[in-house]
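The values are calculated or read from the model by the stated rules, or taken from the named source; none is laboratory data. None of these values were measured; they are calculated from a predicted model. As a convention, Cβ positions derive from the backbone with ideal geometry for all residues, glycine included, and neighbour counts pool all protein chains shown. Remember, those area values only see protein heavy atoms, side chains included, never the ligands or the DNA or RNA. Shrake-Rupley method; radii C 1.70, N 1.55, O 1.52, S 1.80 Å.
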Amino acid sequence: VQLQASGGGLVQAGNSLRLSCAASGRSFSNYAMGWFRQAPGKEREFVAGISWLGRSTYYADFAKGRFTISRHNAENTVYLQMNTLKPEDTAVYYCAADTDRITDATTLERVDYWGKGTQVTVSS
């Protein structure tokens, strides 16, 4: 599976961004999908995950109520809608695919596929 993330950019605090991750290769619906992020000097951390058919979603505490993950299997795409962005959301955001569900318990080493990141910068 090849993953390509897009949609990052520079926004002011309080505004919104929607990230997209397009998948190609093996059957998209066979994979749970997720988003992680990595801020400068910090470890990569879980942001959100969604099950194979989109029936279950999982969020990091900081994402609950502000971020929404969704997927469109017919288009092989997963999205991350980010609202009320804060400067501390500044990071490189990565999409991920795994045959197991992706949650805050998922270790980075266990993820099957990673996409190249997209930079999100939130100014105060």
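Being in contact with a Ser or Thr (Cβ under 9 Å, 6 or more places away or on another chain), in a loop (DSSP other than H, G, I, E, B) and not hydrophobic (A, V, I, L, M, F, W, C) holds for only one residue in 103, 68, 84, and it is 84. Quick check on region 110-124: of everything there that is of a type outside the set (D, E, K, R) and assigned to a strand (DSSP E or B), which residue is farthest from residue 89 (Cα to Cα)? Looking at residues that are of a type outside the set (D, E, K, R) and assigned to a strand (DSSP E or B), I get 113.
For region 1-22, a residue qualifies if it is open to solvent by 30 Å² or more (accessible area, probe 1.4 Å), under 17 Å from residue 67 (Cβ atoms) and either out of contact with any Pro (no Cβ under 7 Å at 6 or more places or on another chain) or not in a loop (DSSP other than H, G, I, E, B) (or both), and the qualifying residues are 6, 7, 8, 14, 15, 16, 18.
Considering only residues of region 78-102 that are open to solvent by 20 Å² or more (accessible area, probe 1.4 Å) and of a type in the set (Val, Ile, Thr), which is nearest to residue 26 (Cα to Cα)?
99
The single residue among 58, 79 that is among the hydroxyl-bearing types (Ser, Thr, Tyr) and within 26 Å of residue 123 (Cβ to Cβ) turns out to be 79. Scanning region 1-50 for residues that are aromatic (Phe, Trp, Tyr) and on the phi > 0 side of the Ramachandran plot returns no hits. May I ask you to verify whether residue 79 is among the hydroxyl-bearing types (Ser, Thr, Tyr), assigned to a strand (DSSP E or B) and farther than 18 Å from residue 104 by Cβ? Yes, satisfied.
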